[in-house]
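Here is the structure we will look at, set down as structure tokens.
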Amino acid sequence: MAHQHTYVSVTGYFMWTFITILTIAFWSNSLDNTSFEKTQFLLHSEVTRCRTEKDQLTNKIIYSTVDKEAINEGGQAALLRAFGKISLDSISDDPDTRFIIAFVVQPDGQITGERIIKDKTGNVGKQMIKMAKSFKWTPAECGGRKVPMLVKLPFQICLQ
């Protein structure tokens, strides 16, 4: 009987310690101005091994690695066909015709935080963003849950 009592006491001690650690973690996050939403993302990302980071433009938590990436309706081929309609009036004879845009696809499929990463013309990137926003987007998934993800789209125009 004494042995069972000791076992229950040890189990109770570990349970009390575990609850104490969770309580301290919760309060330290609260005092550190960490939002509940961010804590949920961080806890979820550790379980599923999807990585999160703070988006430098929007200052919100986004996923940088996911189980299933965000994709536009029609896939990459449809997006490339749309980019093929870009007006080339603003492109000079500059040999560097590489362009990169990025944006966040939210869990509801909306696009936010649009940015032009590389565009020497100042006009092609704007056209690319407008075209990307014209598509319906399926959000990224992590652990079966829809999550915000930063999408980067590189594009190169060959002038020959």
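Every number here is computed from the coordinates shown, using simple stated rules; none is lab data. Please read all numbers here as calculations on a predicted model, not as lab measurements. Note that each Cβ is placed from the backbone with ideal geometry, even for glycine, and that neighbours are counted across all protein chains shown.
Taking a spot 7 Å from the Cα of residue 88 along the direction of its beta carbon, which residues of the stretch 110-130 have an amide N less than 17 Å from it?
Answer for this model: 120-125, 127-128.
Given charges of +1 on the Cβ of Lys and Arg and -1 on the Cβ of Asp and Glu, with all other atoms neutral, how large is the dipole of the stretch 52-156 about its Cα centre, in debye to the nearest 20?
Around 200 debye, computed over the stretch 52-156.
Residue 153's amide H: which non-local residues (gap 5+, or another chain) put their own amide H closer than 5 Å, with H modeled 1.01 Å from N in plane and none for Pro or chain starts?
Distant-sequence amide H within range of residue 153: 101, 102.
Could you list, in their original order, any pairs among 126/152; 85/133; 68/120; 68/152; 68/146 whose Cα atoms are separated by more than 21 Å?
Going by Cα-Cα distance, 68/120 fall outside the 21 Å limit.
Per-residue HN-Hα couplings for the stretch 55-62, Karplus 6.51 cos²θ - 1.76 cosθ + 1.60 at θ = phi - 60°, whole Hz, x for Gly and Pro?
So the J values, rounded to whole Hz, are 5, 6, 8, 8, 6, 10, 6, 10.
Can you work out ³J(HN,Hα) from phi for every residue in the stretch 72-79, in order, using Karplus 6.51 cos²θ - 1.76 cosθ + 1.60 and θ = phi - 60°, giving whole Hz and x for Gly and Pro?
For the stretch 72-79, the Karplus-derived couplings read 7, 4, x, x, 4, 4, 5, 5 Hz, x marking Gly and Pro.
Compute the signed sum of charges (Lys and Arg +1, Asp and Glu -1) over the other residues within less than 12 Å, Cβ to Cβ, of residue 138.
-1
Please compute one quarter of the surface area of the Cα convex hull for the stretch 52-156 and express it in square nanometres.
Projected over every direction and averaged, the Cα hull of the stretch 52-156 covers 6.7 nm².
Net charge around residue 149, counting only other residues with Cβ within less than 13 Å of its Cβ (Lys, Arg = +1; Asp, Glu = -1)?
0
Once amide H atoms are built 1.01 Å from N in the peptide plane, which residues 5 or more positions from residue 140, or in another chain, come under 5 Å H to H?
Residues meeting the amide H criterion: 70, 147, 149.
Excluding residue 111 itself, calculate the net charge of residues whose Cβ lies under 12 Å from the Cβ of residue 111, where each Lys or Arg counts +1 and each Asp or Glu counts -1.
+2
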